[in-house]
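Student: To start, I am sharing the structure in question, which I have written as structure tokens.
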Amino acid sequence: MSISINAAFDSGNIVVESVDGTSARLSIRKDRDSDFFQWFHFRVACTVGDALDLAITGLSASAYPDGWPDYAVCASSDREHWFRLDTSYDSAAGTLTVRHTAESPILWLAYFAPYSMERHHDLVASVAECEGVTYRCLGTSLEGQPIDCLEMGTGDTQVWLYARQHPGESMAEWWMEGALEKLTDPADPHARSLRQKCRFHIIPNMNPDGSCRGHLRTNFAGVNLNREWDNPTPERSPEVLAARNAMDATGVDWAMDVHGDEAIPAVFLAGFEGIPSLKAGQTEKYKAFQSALAANTPDFQVDLGYVESAPGKANLSMSTTQLAERFGAVSMTIEMPFKDNRDLPDPVQGWSPERSKLLAHACLATLDQLI
Ligand code: ZN
């Protein structure tokens, strides 16, 4: 009996090229109206004991070919616990191959543990009910989904946390779940302290359309939202326009934009070095946060990361630089790996939802030290 493969569900993405017994040749669908592709999420119905041989092809043309060497596919049989499968990558052919003996009648595979829109709504509903939390809908996406924002805290320091501009970076919303759990824990000392000092504005998912559709990087219109912050429009990027208008109304003192990086096997920060109006204190606070976070968790490091932009050369279409320039904010992009933290690897899970949530806890504890 042949295996059957399906991706017709929330954040599903796979194209079945051919199936032969327990082997399949697959490819990844491009984000709608764009050339980006890298995110995949599908299920395999099989028989326990099947020798699955799954090849995802055409990856030389994917958004980040460097993301595939040393990467291992995420899998789950219960859609709760996600683990890694033995994976190999043939760079010349652009083919990622998983060979796995099936231990369950249905196996779910994904680029990273998915964060479904159902779970998003569960998260927003449960946090909105917590003492001292205000829910706001900032606007709607191109397909009419709400851009949800949760607010809390009584202080004057305006802190904006937002995630999943790039919808395939699902670790970003796991980070958000960790952040929201900590901030709404009445017993948590950092949360109590932060809520006295700050007003938090938290957008767990900036790109619900791309999330549903199984996109890597863009919204319904094929637009990369993190290149829209200098000039968002209702036609292309209402998600960004809604968030930026709300930020204009409150101001921004600290901001964190949460992402995943395909190629670099580490957690790292990217800042705003090249903005035209860079202030000394602004950079010092950013560097102090970076050092303190490295001291607070061995899952963070400062050696690997992006090249800093030269003075005056920042790309102001990106949120981190736009908010640093626009508000004088201490603004940062935090990147988690699709692969693993090479300095502290976990061969079973790799980088995981659990570690994403704990990283959020460390970031908030660090923020409490710095504010
Ligand atoms: Zn990203």
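Student: Hey, among 266, 292, which residue is within 16 Å of the ligand (Cβ to nearest atom), over 29 Å from residue 148 (Cβ atoms) and in contact with a Leu (Cβ under 8 Å, 6 or more places away or on another chain)?
Tutor: That would be 266, the only listed residue that is within 16 Å of the ligand (Cβ to nearest atom), over 29 Å from residue 148 (Cβ atoms) and in contact with a Leu (Cβ under 8 Å, 6 or more places away or on another chain).
Student: Check 296, 231 and return the single one that is surrounded by fewer than 22 Cβ atoms within 10 Å (Cβ to Cβ) and within 21 Å of residue 335 (Cβ to Cβ).
Tutor: 296
Student: Looking at 346, 340, which one is farther than 30 Å from residue 250 by Cβ, away from the ligand (no atom under 16 Å from the Cβ), assigned to a loop (DSSP other than H, G, I, E, B) and in contact with a Phe, Trp or Tyr (Cβ under 7 Å, 6 or more places away or on another chain)?
Tutor: 340
Residue by residue, here is whether (1) assigned to a strand (DSSP E or B); (2) away from the ligand (no atom under 16 Å from the Cβ) holds:
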site	(1), (2)
103	no, yes
124	no, yes
132	no, yes
139	yes, yes
162	yes, no
173	no, no
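Student: Test residue 366 against the criterion of being part of a helix (DSSP H, G or I), more than 16 Å from the chain's Cα centre (by Cα) and more than 16 Å from the ligand (Cβ to nearest atom), and give yes or no.
Tutor: Details: part of a helix (DSSP H, G or I): yes; more than 16 Å from the chain's Cα centre (by Cα): yes; more than 16 Å from the ligand (Cβ to nearest atom): yes.
Yes: the conditions hold for residue 366.
Student: Scan segment 219-252 for residues that are out of contact with any Gly (no Cβ under 9 Å at 6 or more places or on another chain), of a type in the set (Val, Ile, Thr) and closer than 16 Å to residue 203 by Cα and report the count.
Tutor: Selection size over segment 219-252: 2.
Student: Moving to a separate point now. Please indicate, with yes or no, whether at least one residue in segment 200-213 is away from the ligand (no atom under 15 Å from the Cβ), within 17 Å of residue 366 (Cβ to Cβ), of a type outside the set (Lys, Arg) and touching a strand residue (DSSP E or B) at 6+ places or on another chain (Cβ under 9 Å).
Tutor: Yes, because at least one residue in segment 200-213 is away from the ligand (no atom under 15 Å from the Cβ), within 17 Å of residue 366 (Cβ to Cβ), of a type outside the set (Lys, Arg) and touching a strand residue (DSSP E or B) at 6+ places or on another chain (Cβ under 9 Å).
None of the figures in this text is laboratory data; all of them are computed from the coordinates on show. Because the structure is predicted, anything quoted here is derived from the model rather than measured. Positions of Cβ are generated from backbone atoms using ideal geometry, with glycine treated the same way; all protein chains shown enter the neighbour counts.
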